[in-house]
Amino acid sequence: MPIIKNAKKALRSSKKKAQVNQLLRAQTRTALKQSKTNPTLESLKNAFSTLDKSVKQNLMHKNKAARLKSALSKLVLKNEDQVSSTKKVTAKTPKNTSGSLTAKKSSSKVKTGSKPASVKTSKKQPQQTKSLPLEQ
């Protein structure tokens, strides 16, 4: 047990911080498990939020959080692709009610490869400096 006054205070504050850290660590673990078992956008949002909080509290390194976020987002994308492939998607085509075909206007924009006559390009000549005679 600490004897000095500031050591006692440090012990009290470290216990409080440890309790807060333990709570946040548990929230992060449950959010990660939930988004791994049920990969939806809502669970992904919750997991990202808790990961960011744990990085802010220095419970986790930012690169580890980025790695976990990347893995979770890939998992959600994979899950959404599977869901969308099982549903039949039909695209509606617009119907032409007038019965006549309409032709698209072609653009009359012509690209020119040369520069306008007003712009002249010239190479800059290096300026010659006068050399001073050497003193002897």
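The values are calculated or read from the model by the stated rules, or taken from the named source; none is laboratory data. None of these values were measured; they are calculated from a predicted model. In this analysis, Cβ positions are derived from the backbone assuming ideal geometry, glycine residues included, and neighbour counts consider all displayed protein chains.
Results, tabulated for the structure shown:
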quantity: Test for S14: is it over 23 Å from the mean Cα position of the chain (by Cα), modelled with pLDDT under 90 and polar (S, T, N, Q); calculated: no
quantity: Tally of residues being within 15 Å of L77 (Cβ to Cβ) and assigned to a helix (DSSP H, G or I) across region 26-41; calculated: 3
quantity: Leading residue by the ranking (surrounded by the most Cβ atoms within 10 Å (Cβ to Cβ)) among those in region 42-68 that are in contact with a Leu (Cβ under 8 Å, 6 or more places away or on another chain) and outside any helix (DSSP H, G or I); calculated: M60
quantity: Candidate set: region 40-65, residues that are small (G, A, S) and at pLDDT 95 or above; chosen: the one farthest from S84 (Cα to Cα); calculated: S54
quantity: Looking only at region 36-75, and only at residues there that are more than 19 Å from L24 (Cβ to Cβ) and touching a residue at least 40 places away in the same chain (Cβ under 8 Å), the one that is nearest to the chain's Cα centre (by Cα); calculated: L75
